[in-house]
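Okay, structure first, notes after.
Bear in mind these aren't lab numbers, they're just calculated from the coordinates by the rules spelled out. Because the structure is a prediction, the values reported are computed rather than measured. Positions of Cβ are backbone-derived with ideal geometry, glycine not excepted, and every protein chain shown enters the neighbour counts.
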Amino acid sequence: MGAIEAGYHFAGICSVSPKGYTLRQLWMMANGKQTAQRNANVDVAYLVWAMSEVDIEAYLLFGEMSETGRGGPVDLTPELQHRLEQEVERIRAENPGLPTVRKQE
């Protein structure tokens, strides 16, 4: 396809007007959008076929389905957990208007 046709093609993928963008910018935006859509498709497929293995609440909060530690809860030693809870309580005492999140049990 020619440059003008490609520009409109990539702009269509991104749902933007091609005016003011270079062909390279449009291509990069379209590529990013398609990558994000593929990632979303994989997430949906994983949720459909591996429901019993997925902590849905954690996925909704952190966006991760695996136990890699990236974007999910961190396993802390009891000492670090205690220090963290103390610091959270100190911050809450200093800022009573902060919203809180209900603890999972």
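Key figures for this structure:
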| quantity | calculated |
| --- | --- |
| Per-residue ³J(HN,Hα) for segment 84-97, Karplus 6.51 cos²θ - 1.76 cosθ + 1.60, θ = phi - 60°, Hz, x for Gly and Pro | 5, 4, 4, 5, 4, 4, 4, 5, 5, 5, 6, 9, x, x |
| Derived scalar couplings ³J(HN,Hα) [segment 25-35; Karplus, 6.51 cos²θ - 1.76 cosθ + 1.60; whole Hz; x for Gly, Pro] | 5, 4, 4, 5, 5, 5, 4, x, 5, 5, 5 |
| Difference of contour (0.36 nm per residue) and Cα-Cα distance, Val88 to Met1 | 25.6 nm |
| Per-peptide average of other Cβ atoms within 10 Å, ordering 15-25, 77-87 highest first | 15-25, 77-87 |
| Under the Karplus curve 6.51 cos²θ - 1.76 cosθ + 1.60, θ = phi - 60°, whole-Hz ³J(HN,Hα) for segment 7-20, x wherever Gly or Pro sits | x, 5, 4, 5, 5, x, 4, 8, 6, 10, 6, x, 4, x |
| Residue-span extension gain [Asn31 to Ser15] - 0.36 nm each, minus C-alpha spacing | 4.5 nm |
| Distant-in-sequence amide H partners of Val16 (H built 1.01 Å from N, under 5 Å) | none |
